[in-house]
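Everything below concerns the one structure shown next.
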2 protein chains.
Amino acid sequence: MTLCDIGNTHLHFYQEGRVWACAPQNLATHQEALQGEVFYISVNPHATNALLELCPSATNLAPKMQLQSKYEGLGVDRVAACLGLLGKSGVVVDAGSAITVDMMENGVHLGGVILPGFEAYRHAFKHISPALDVPLNLRVNVEALPNATTDALGYGALQSVLLTLKHLVGERKVYFTGGDGKFLANFFSNGIYDGLLVFNGMRATLGA
Amino acid sequence: MTLCDIGNTHLHFYQEGRVWACAPQNLATHQEALQGEVFYISVNPHATNALLELCPSATNLAPKMQLQSKYEGLGVDRVAACLGLLGKSGVVVDAGSAITVDMMENGVHLGGVILPGFEAYRHAFKHISPALDVPLNLRVNVEALPNATTDALGYGALQSVLLTLKHLVGERKVYFTGGDGKFLANFFSNGIYDGLLVFNGMRATLGA
């Protein structure tokens with residue numbers, strides 16, 4: 001059995017504990033992983049079509065995902081990550097192209113927030129002015145006041161994300177996943193990194 | 001005498017206490033304001049050329065702007081806004097296409113931070129996914145947890161800016177300028193909106 005989480009930029013695969021990512025245009029090189037049963041969730045219709053072309057029998061798990069929530073339009077990847085807590089209470093942070101923050105209490109989703117991911121901050125700055133089209137220094141010391149552009153941009157992106165997360169997390173446990181999840185977890189004494197949160201939610205849905 | 005602050009998207013003019021903005025492509029319709037002496041600062045070479053074509057005698061004030069600072073590459077508009085404090089201590093927030101935050105103490109610039117402006121947040125979200133290409137609700141209640149996408153995006157943009165500003169401002173006085181300055185000043189009991197900060201810095205440089 002193969003699980004596939006189709007995100008905005010990549011398809012993420014899970015097979016017997018092994019995980020890997022691939023871009024939609026490179027999907028054909030992963031054809032052997034698509035031989036058996038494939039279950040997917042997707043937030044990207046274009047990449048979904050690419051998967052279904054290679055693997056027409058792949059099953060969309062979204063209709064089977066059940067999360068108690070009043071949130072209108074919650075992305076299926078966020079639903080899966082929240083289900084991945086397996087009933088534990090806490091905050092789920094998926095730090096990818098966007099940074100989504102979802103509050104779970106006793107299996108119920110209480111609401112959530114969306115921040116730009118760090119690459120999106122970079123893109124936003126670049127879009128404002130060529131003078132801001134420089135790398136963000138995300139290793140900036142947020143205890144000091146920046147005195148250079150890369151630090152000023154890095155501070156703006158990192159500190160605005162950290163302060164918002166800390167405000168939302170409070171004393172709760174916080175579970176990080178996604179490409180920048182491990183990096184962000186370092187800033188939280190109550191932070192746990194779990195790269196499999198979305199797949200665990202998919203497996204729980206399948207009763208696997 | 002006419003002052004002109006050339007920003008990333010617009011040219012802002014000041015003439016005897018009157019201020020107005022115009023896009024570079026509409027500059028010709030403002031030709032009568034460019035008859036007398038014109039002093040400008042600019043962060044946008046393309047728009048500077050547009051001004052100089054209509055008004056070849058316009059003088060760049062940047063070389064005359066003097067601000068004590070260790071910051072490398074501080075934009076001339078930020079220098080002007082800081083000089084606009086006329087020696088007062090406090091935090092200068094210019095909330096336009098970017099939100100710049102600069103710390104002034106006894107006429108000395110101590111450092112600064114750059115955040116995306118709200119339009120840049122909107123652009124960043126749109127760039128991530130078509131599902132996030134919706135208006136941000138900046139009137140969102142930041143005391144409650146969002147349960148809809150426009151609120152989740154609005155909360156992410158507004159709260160991340162507010163918390164970063166509050167962290168940097170502390171108990172200091174904070175002077176807001178720029179298009180979103182008035183809106184942001186409302187969130188600060190120690191906040192003052194001054195739409196003329198940049199022009200006051202230019203006038204101080206001219207000894208006017």
Original post:
In nm, what does the list of distances from A:K182 to its counterparts in the other copies look like, shortest first, when each label sits 7 Å along Cα to Cβ?
Top reply: 4.9
Subject >> Fluctuation leader among A:L132, A:L184, A:L158 - chain A, Gaussian network, Cα springs under 10 angstrom >> reply: A:L132
Subject >> Pairwise label distance in nanometres, A:W20 with A:V108, each label 7 Å out on the Cα-Cβ vector >> reply: 4.3
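Filter A:K88/B:K166; A:K126/B:K88; B:K88/B:K166; A:K88/B:K126; A:K182/B:K126 down to the pairs with a C-alpha to C-alpha distance above 27 Å, please. Working shown, then result.
Values: A:K88/B:K166 33 Å; A:K126/B:K88 32 Å; B:K88/B:K166 19 Å; A:K88/B:K126 32 Å; A:K182/B:K126 25 Å.
From the list (A:K88/B:K166; A:K126/B:K88; B:K88/B:K166; A:K88/B:K126; A:K182/B:K126), the Cα-Cα distance tops 27 Å for A:K88/B:K166; A:K126/B:K88; A:K88/B:K126.
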Original post:
Using alpha carbons only, how many degrees (0 to 90, rounded to 10) separate the axis of helix B:118-128 from the longest principal axis of chain B?
Top reply: 60
**OP:** Rounded to the nearest 500, what is the 222 nm mean residue ellipticity of chain A from helices alone, with -39500 (n - 2.57) per DSSP H run of 4+ residues and division by all residues?
**Re:** -9500 deg cm²/dmol
Original post:
Quick one: helix B:197-206 against the long Cα principal axis of chain B, what's the angle to the nearest 10°, folded into 0 to 90?
Top reply: 20
Original post:
Taking only Cα atoms, what is the 0 to 90° angle, nearest 10, from helix B:45-54's long axis to the longest principal axis of chain B?
Top reply: 40
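Measuring with a 1.4 Å probe in the full set of protein chains, what accessible area per residue, in whole Å², belongs to the protein assembly as shown? The partial results should precede the final answer.
On the way: 18450 Å² over 416 residues.
Each residue of the protein assembly as shown exposes 44 Å² on average to a 1.4 Å probe.
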**OP:** One decimal, nm, shortest first: give the distances between the label point of A:M1 and those of the same position in the other copies, each label point 7 Å from Cα along Cα→Cβ.
**Re:** 7.7
Original post:
If one computes the Cα centroid of segment A:40-79 and of segment B:115-168, what distance in Å separates the two points?
Top reply: 25
Original post:
For chain A, which whole-number percentage of the solvent-accessible area (1.4 Å probe, protein heavy atoms only) is attributable to carbon and sulfur atoms?
Top reply: 48
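What shape does chain A take by its C-alpha gyration tensor, where a ≥ b ≥ c are the square roots of the eigenvalues and a/c under 1.5 counts as rounded, a/b above b/c as prolate, and the rest as oblate? List each step's numbers first, then the result.
On the way: a/c = 2.27, a/b = 1.41, b/c = 1.61.
The shape class here is oblate.
Taking the mean number of other Cβ atoms within 10 Å as a proxy for protection, how do you rank A:104-111, A:194-201 from highest to lowest? Please report the intermediate quantities before stating the final value.
Values: A:104-111: 16.6, A:194-201: 22.1.
Peptide ranking by packing, descending: A:194-201, A:104-111.
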**OP:** Between the label point of A:N60 and that of the same position in each other copy, find the distances and list them shortest first in nm, with every label point placed 7 Å from Cα along the Cα-to-C-beta direction.
**Re:** 5.6
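Assuming a ≥ b ≥ c are the square roots of the Cα gyration tensor eigenvalues, decide whether the protein assembly as shown counts as rounded (a/c under 1.5), prolate (otherwise, with a/b larger than b/c) or oblate. Intermediate values should be presented prior to the final figure.
Values: a/c = 2.70, a/b = 2.02, b/c = 1.34.
Verdict is prolate for the protein assembly as shown.
Rounded to the nearest 100 Å², what is the buried accessible area between B and A, both sides summed, probe 1.4 Å?
3400
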Original post:
How would you classify segment B:2-60 from its alpha-carbon gyration tensor, with a ≥ b ≥ c the square roots of the eigenvalues: rounded for a/c under 1.5, else prolate if a/b is greater than b/c, otherwise oblate?
Top reply: rounded
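The values are calculated or read from the model by the stated rules, or taken from the named source; none is laboratory data. Keep in mind that this is a model prediction, so the values were computed, not measured. Note that each Cβ is placed from the backbone with ideal geometry, even for glycine, and that neighbours are counted across all protein chains shown. Just so you know, the surface numbers come from the protein's heavy atoms only, side chains and all, with ligands and any DNA or RNA stripped out. Shrake-Rupley method; radii C 1.70, N 1.55, O 1.52, S 1.80 Å.
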